[in-house]
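Have a look at the structure below before the remarks.
The values are calculated or read from the model by the stated rules, or taken from the named source; none is laboratory data. The shown structure was predicted, so the numbers you read here are calculated from the model rather than taken from an experiment. Ligands, DNA and RNA are excluded from the accessible area calculation, which covers all protein heavy atoms including side chains. Shrake-Rupley method; radii C 1.70, N 1.55, O 1.52, S 1.80 Å.
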Amino acid sequence: MLGINLFRNIRYFSTSYCLRLDMSWRTLKKLPLNPMDRGVLTDGADYIFLDGRPTPFGMKQKRKLLLQREYAKKIVQLSESLDIAKERYAMKVGEEKEKIKHVLDRKLRPKGNKNTQEK
């Protein structure tokens with residue numbers, strides 16, 4: 001008998017309209033699909049001091065801040081090494097061009113007395 005009542009209840013099971021909402025308007029307005037994902041209430045501090053002191057960071061906020069600082073340091077370090085590598089490559093290409101030009105100048109120099117004497 002329990003099985004029959006369970007079958008009847010499942011047979012007439014329906015979802016509410018709020019579960020089937022179309023959230024396309026949120027994507028059109030460039031909002032997150034989850035409204036609790038970010039916002040004034042979720043991004044702000046949990047409490048404030050009345051005398052104006054800043055609230056301390058939470059553990060995850062502090063870890064995230066330190067991680068972002070490490071990322072920034074790494075980015076600066078890598079961009080500096082990339083600049084050095086670009087300058088070194090430009091100097092290397094310039095030296096090769098100079099060598100080729102020097103070799104061509106030596107090869108194409110006029111020889112003999114015929115070209116040096118002008119009448």
**OP:** Under 20 Å Cα to Cα from K107, which lysines show up? Leave out anything in the same chain fewer than 8 places away.
**Re:** K97, K99
Original post:
In what order, largest first, do K64, K74 sit by accessible area if the probe radius is 1.4 Å?
Top reply: K64, K74
Original post:
How many Å² of accessible area per residue for region 23-106, probe 1.4 Å?
Top reply: 101 Å²
